[in-house]
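K.L.:
The structure's right below; bear with me while I get my questions together.
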Amino acid sequence: MDHFPTNWGRPRNDAYDPYGTYPIAHRPNNGPKDAFADAVQRTQQPIVTGTSVLAIKYKDGIMMAADNLASYGSLARFKDIQRLQPVGAHTVIGAGGDMSDFQYIQLMLDELIIDEFSAQDGHTLGPAEVHEYLAQVMYARRSKMNPLWNSILVGGVKDGKRFLAYVDLLGTTYSASTLATGYGAYIAQPLLRTAVEGKEDILTEEEAYKILEQSMRVLYYRDARTIDKYQVATVTEKGVYISESRRLDTNWSFAEGIRGYGAQTQ
Amino acid sequence: MPDMVSLAQPQQRQFNPYADNGGTILAIAGADFTVIAGDTRQSEGYSIQTRYAPKVFRLTDRAVLAVNGFAADGNMFVKKVRQRLEWYRHAHAKDMPLRAIARLIQTMLYARRFFPFYVYNILGGIEEDGSGAVYSFDPVGSYEREACRAAGAAQSLVQPFLDNQIYFKNQVPAPGMAHPVHLPLSTVLSLVIDSFTSATERHIEVGDGLEMYVVLAKGSTAIQSLSTVRGIQEMTVTEDGERVFVIRRELKKD
């Protein structure tokens with residue numbers, strides 16, 4: 001008797017081992033046979049990348065911002081990429097990291113939303129559910145040592161509750177009233193915390209927008225993987241709104257006043 | 001010139017599936033109560049990710065679990081322990097006893113011996129005989145029952161303090177006197193608060209907030225010293241069994 005269920009109902013090599021007396025290593029292998037197993041590619045490093053995403057809570061909901069650049073190393077490769085994406089009617093996600101992995105995530109989420117819509121059971125997914133789903137997917141992929149190379153912000157409003165949380169390629173999650181990924185975690189997060197912490201229920205939409213615009217400007221001045229074109233997503237009880245691309249006003253007149261680096265003689 | 005080095009030999013960059021998210025946890029057992037505490041800061045490197053990410057979780061009316069290390073593994077581990085406890089409840093119509101939860105945790109950790117959950121666990125609660133108990137684990141499941149244990153970023157700061165104040169190490173009792181075997185709840189709470197304020201002073205990964213869970217045995221007299229505690233919140237709904245309370249305090253945020 002062969003006690004290995006994967007061998008049951010399959011042709012048996014009677015001439016060789018009719019009673020399954022041989023060691024396991026010598027039995028017929030009925031596992032998946034993949035001729036390309038050695039050539040399977042995993043994401044070992046990001047290729048085409050997006051930089052920071054910023055998000056804050058304010059009086060009526062959450063606001064998120066990201067620029068329109070997808071870089072290829074230090075090359076500004078794609079300058080009209082949308083890194084903010086609505087998911088269902090109550091949620092927006094913004095991604096940094098590998099843009100092809102992000103597009104795959106968008107595909108998965110589209111499928112998820114369609115499945116939920118098809119159920120027609122009177123339920124819709126809110127930002128908390130979308131975040132939980134993403135966290136489980138990201139954690140499962142890191143556990144297979146085949147991560148989706150992104151850091152993602154998930155924000156939204158449902159049933160009068162604001163939600164803002166982070167998830168990354170390790171499956172690490174956290175929630176706070178201000179969030180920033182990538183370089184934004186170093187440069188913009190301190191500015192956002194000073195401007196927002198303790199004022200989440202007071203800040204108006206205009207004030208929230210001003211805070212994000214100023215932070216995007218500082219990032220544009222200091223992060224070499226940005227461009228001055230960005231979008232802002234707003235989620236309130238009314239729904240998701242993602243703005244057209246906007247241009248940052250910047251001022252470089254200070255540059256000619258700098259002395260001591262170049263070939264200036266005085 | 002790191003670039004020159006990379007030309008000389010093939011460079012290999014491997015995906016690292018782990019991170020260290022800082023923070024510290026602590027548990028102390030009394031005669032008929034246990035205190036399980038943790039700070040609420042979550043960090044990576046020099047960045048604070050959030051000021052409020054709980055590390056201490058109520059499992060049942062008599063068991064509380066604190067997890068510290070890699071936060072993603074910690075959250076997943078708590079989720080899986082809770083699922084196993086729910087299955088137990090459905091199968092046996094009662095909550096799993098504390099020492100059984102401890103053995104369950106060791107089995108679940110060891111099952112992942114060759115891709116471990118990078119998590120230090122401390123389980124606290126009330127044993128079936130009504131005594132306060134603390135079980136501490138390493139990431140692959142080695143565990144023991146103790147009276148007190150600190151783990152995490154500031155373990156090396158807090159544990160020696162506990163050895164001195166709980167086990168009375170390096171202390172000599174007054175002539176004709178003996179050290180107490182168990183400390184009262186009010187003393188334990190003070191020690192926990194002092195441990196965390198001190199760790200916050202000296203360790204950059206500790207701070208922001210403190211959550212202390214207090215588990216009381218059935219009919220414990222320690223309840224009296226809780227009535228005066230500011231902002232205390234009860235997690236259990238019945239007064240005739242074990243009771244779980246949570247006390248929250250601010251820690252320095254710098």
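The values are calculated or read from the model by the stated rules, or taken from the named source; none is laboratory data. Everything quoted here is computed from the prediction, not taken from an experiment. Here Cβ is always computed from backbone atoms with ideal geometry, including for glycine, and neighbour counts include all displayed protein chains. We work out accessible area using only protein heavy atoms, side chains counted, and drop any ligands, DNA or RNA first. Shrake-Rupley method; radii C 1.70, N 1.55, O 1.52, S 1.80 Å.
K.L.:
State whether the residues of segment A:138-147 include one that is within 14 Å of chain B (Cβ to nearest Cβ), among the hydrophobic types (A, V, I, L, M, F, W, C), open to solvent by 10 Å² or more (accessible area, probe 1.4 Å) and touching a Pro at 6+ places or on another chain (Cβ under 8 Å).
P.N.:
Taking segment A:138-147 and keeping what is within 14 Å of chain B (Cβ to nearest Cβ), we get A:138-147.
Those still in the list that are among the hydrophobic types (A, V, I, L, M, F, W, C) too: A:138, A:140, A:145.
Pick out the ones that are also open to solvent by 10 Å² or more (accessible area, probe 1.4 Å) and you get A:140, A:145.
Keeping just the survivors that are touching a Pro at 6+ places or on another chain (Cβ under 8 Å) gives A:145.
Looking for residues that are within 14 Å of chain B (Cβ to nearest Cβ), among the hydrophobic types (A, V, I, L, M, F, W, C), open to solvent by 10 Å² or more (accessible area, probe 1.4 Å) and touching a Pro at 6+ places or on another chain (Cβ under 8 Å), one finds at least one in segment A:138-147, hence yes.
K.L.:
Still on this structure, I have one more. Checking the condition without any contact (Cβ under 8 Å) to a residue 24 or more places away in the chain and of a type outside the set (A, V, I, L, M), which residue from B:Lys79, B:Lys55 passes?
P.N.:
Values: B:Lys55 fails: without any contact (Cβ under 8 Å) to a residue 24 or more places away in the chain.
Step by step, each of B:Lys79, B:Lys55 is checked, and only B:Lys79 is without any contact (Cβ under 8 Å) to a residue 24 or more places away in the chain and of a type outside the set (A, V, I, L, M).
K.L.:
So, one more: Has segment B:96-109 got any residue that is free of Cβ contacts under 8 Å to residues at least 60 places away in the same chain and in a loop (DSSP other than H, G, I, E, B)? Give the steps one after another, and end with the answer.
P.N.:
Taking segment B:96-109 and keeping what is free of Cβ contacts under 8 Å to residues at least 60 places away in the same chain, we get B:96-109.
Subset that is in a loop (DSSP other than H, G, I, E, B): B:96-97.
Taking every residue of segment B:96-109 in turn, at least one turns out to be free of Cβ contacts under 8 Å to residues at least 60 places away in the same chain and in a loop (DSSP other than H, G, I, E, B).
K.L.:
Are any of the residues in segment B:127-148 in contact with a Cys (Cβ under 8 Å, 6 or more places away or on another chain), under 26 Å from B:Ala102 (Cα atoms) and modelled with pLDDT of 95 or more?
P.N.:
Keep residues of segment B:127-148 that are in contact with a Cys (Cβ under 8 Å, 6 or more places away or on another chain), which gives B:134.
Keeping just the survivors that are under 26 Å from B:Ala102 (Cα atoms) gives B:134.
Applying the additional criterion that residues be modelled with pLDDT of 95 or more yields B:134.
Yes, some residue in segment B:127-148 is in contact with a Cys (Cβ under 8 Å, 6 or more places away or on another chain), under 26 Å from B:Ala102 (Cα atoms) and modelled with pLDDT of 95 or more.
K.L.:
From the list B:Glu211, B:Glu201, B:Glu205, pick out the single residue that is in a helix (DSSP H, G or I) and acidic (Asp, Glu). Walk me through how you get there before you give the answer.
P.N.:
Details: B:Glu211 fails: in a helix (DSSP H, G or I); B:Glu205 fails: in a helix (DSSP H, G or I).
Just a single option satisfies the conditions, and that option is B:Glu201.
K.L.:
Kindly provide the set of residues from segment B:118-157 that are open to solvent by less than 10 Å² (accessible area, probe 1.4 Å), more than 23 Å from B:Val244 (Cβ to Cβ) and touching a strand residue (DSSP E or B) at 6+ places or on another chain (Cβ under 8 Å), ordered by number.
P.N.:
Selection gives B:Ala154 alone.
K.L.:
Can you name the condition, by its number, that A:Leu179 falls short on among (1) open to solvent by 60 Å² or more (accessible area, probe 1.4 Å); (2) closer than 30 Å to B:Asn16 by Cβ?
P.N.:
(1)
K.L.:
Now a separate question. Restricting attention to segment B:21-44, does a residue exist that is farther than 30 Å from B:Phe168 by Cβ, in contact with a helix residue (DSSP H, G or I) (Cβ under 8 Å, 6 or more places away or on another chain), open to solvent by 10 Å² or more (accessible area, probe 1.4 Å) and more than 14 Å from chain A (Cβ to nearest Cβ)?
P.N.:
no
K.L.:
To continue, here is another question. Please find, among A:Phe117, A:Phe163, the residue that is surrounded by fewer than 19 Cβ atoms within 10 Å (Cβ to Cβ), touching a Gly at 6+ places or on another chain (Cβ under 9 Å) and aromatic (Phe, Trp, Tyr).
P.N.:
On the way: A:Phe163 fails: surrounded by fewer than 19 Cβ atoms within 10 Å (Cβ to Cβ).
Sole residue among the options that is surrounded by fewer than 19 Cβ atoms within 10 Å (Cβ to Cβ), touching a Gly at 6+ places or on another chain (Cβ under 9 Å) and aromatic (Phe, Trp, Tyr): A:Phe117.
K.L.:
Name, by its number, the condition in (1) open to solvent by 80 Å² or more (accessible area, probe 1.4 Å); (2) under 21 Å from B:Gly30 (Cα atoms) that does not hold for B:Val188.
P.N.:
The number of the failed condition is (1).
K.L.:
Being in contact with a strand residue (DSSP E or B) (Cβ under 6 Å, 6 or more places away or on another chain) and of a type in the set (A, V, I, L, M, F, W, C) is the filter here, so list the residues in segment B:230-254 that pass it.
P.N.:
Correct list: B:Ile232, B:Met235, B:Val244, B:Phe245, B:Val246, B:Ile247, B:Leu251.
K.L.:
Restricting to segment A:111-124, name every residue that is assigned to a helix (DSSP H, G or I) and small (Gly, Ala, Ser).
P.N.:
Filtering segment A:111-124 for residues assigned to a helix (DSSP H, G or I) gives A:111-119.
Those that are assigned to a helix (DSSP H, G or I) and small (Gly, Ala, Ser): A:Ser118, A:Ala119.
K.L.:
Here are some residues: A:Thr194, A:Thr204. Which one is polar (S, T, N, Q) and closer than 19 Å to B:Thr50 by Cβ? Explain how you work it out, then say what you get.
P.N.:
Working: A:Thr204 fails: closer than 19 Å to B:Thr50 by Cβ.
Going through A:Thr194, A:Thr204 in turn, the sole match is A:Thr194.
K.L.:
Looking at segment A:56-76, is at least one residue modelled with pLDDT of 95 or more, part of a loop (DSSP other than H, G, I, E, B) and open to solvent by 30 Å² or more (accessible area, probe 1.4 Å)?
P.N.:
So far as segment A:56-76 goes, yes, one or more of its residues are modelled with pLDDT of 95 or more, part of a loop (DSSP other than H, G, I, E, B) and open to solvent by 30 Å² or more (accessible area, probe 1.4 Å).
K.L.:
Hey, does segment A:96-110 have a residue that's within 14 Å of chain B (Cβ to nearest Cβ), of a type outside the set (A, V, I, L, M, F, W, C), outside any helix (DSSP H, G or I) and at negative phi?
P.N.:
Here is the first cut: in segment A:96-110, the ones within 14 Å of chain B (Cβ to nearest Cβ) are A:97-98, A:101.
Next, only the ones that are of a type outside the set (A, V, I, L, M, F, W, C) stay: A:97-98, A:101.
Going one step further and asking which of them are outside any helix (DSSP H, G or I), we end up with A:97-98.
Still in the list and also at negative phi: A:98.
Within segment A:96-110 (the criterion being within 14 Å of chain B (Cβ to nearest Cβ), of a type outside the set (A, V, I, L, M, F, W, C), outside any helix (DSSP H, G or I) and at negative phi), the answer is yes, since at least one residue qualifies.
Here's the yes/no breakdown for (1) among the hydroxyl-bearing types (Ser, Thr, Tyr); (2) more than 12 Å from chain B (Cβ to nearest Cβ); (3) open to solvent by less than 30 Å² (accessible area, probe 1.4 Å):
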| residue | (1), (2), (3) |
| --- | --- |
| A:Asp168 | no, no, yes |
| A:Tyr174 | yes, no, yes |
| A:Tyr186 | yes, no, no |
| A:Thr194 | yes, yes, no |
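K.L.:
Sticking with this one: Only residues that are more than 20 Å from A:Met99 (Cα to Cα) and touching a residue at least 12 places away in the same chain (Cβ under 8 Å): list them for segment A:121-132, please.
P.N.:
To start, the set of residues in segment A:121-132 that are more than 20 Å from A:Met99 (Cα to Cα) comprises A:121-129, A:132.
Matches in segment A:121-132: A:Thr124, A:Leu125, A:Gly126, A:Pro127, A:Ala128.
K.L.:
OK, next. List, please: which pairs have Cβ atoms under 7 Å, are six or more places apart or on different chains, and start with a residue in segment B:214-231 that is in contact (Cβ under 8 Å) with a residue 24 or more places away in the chain and end with one that is among the polar types (S, T, N, Q) and open to solvent by 30 Å² or more (accessible area, probe 1.4 Å)?
P.N.:
Close Cβ pairs (under 7 Å, with a partner that is among the polar types (S, T, N, Q) and open to solvent by 30 Å² or more (accessible area, probe 1.4 Å)) amount to B:Ser225/B:Ser186.
K.L.:
Identify, from the list B:Ser190, B:Ser227, the residue that is over 15 Å from B:Ile36 (Cα atoms) and of a type in the set (Ser, Thr, Tyr). Even if it seems obvious, please write down each step before you answer.
P.N.:
Numbers: B:Ser190 fails: over 15 Å from B:Ile36 (Cα atoms).
The match here is B:Ser227.
K.L.:
Now for a different question. Are any of the residues in segment B:54-75 open to solvent by 10 Å² or more (accessible area, probe 1.4 Å), more than 14 Å from chain A (Cβ to nearest Cβ), modelled with pLDDT of 95 or more and in a loop (DSSP other than H, G, I, E, B)?
P.N.:
Among the residues of segment B:54-75, at least one is open to solvent by 10 Å² or more (accessible area, probe 1.4 Å), more than 14 Å from chain A (Cβ to nearest Cβ), modelled with pLDDT of 95 or more and in a loop (DSSP other than H, G, I, E, B), which makes the answer yes.
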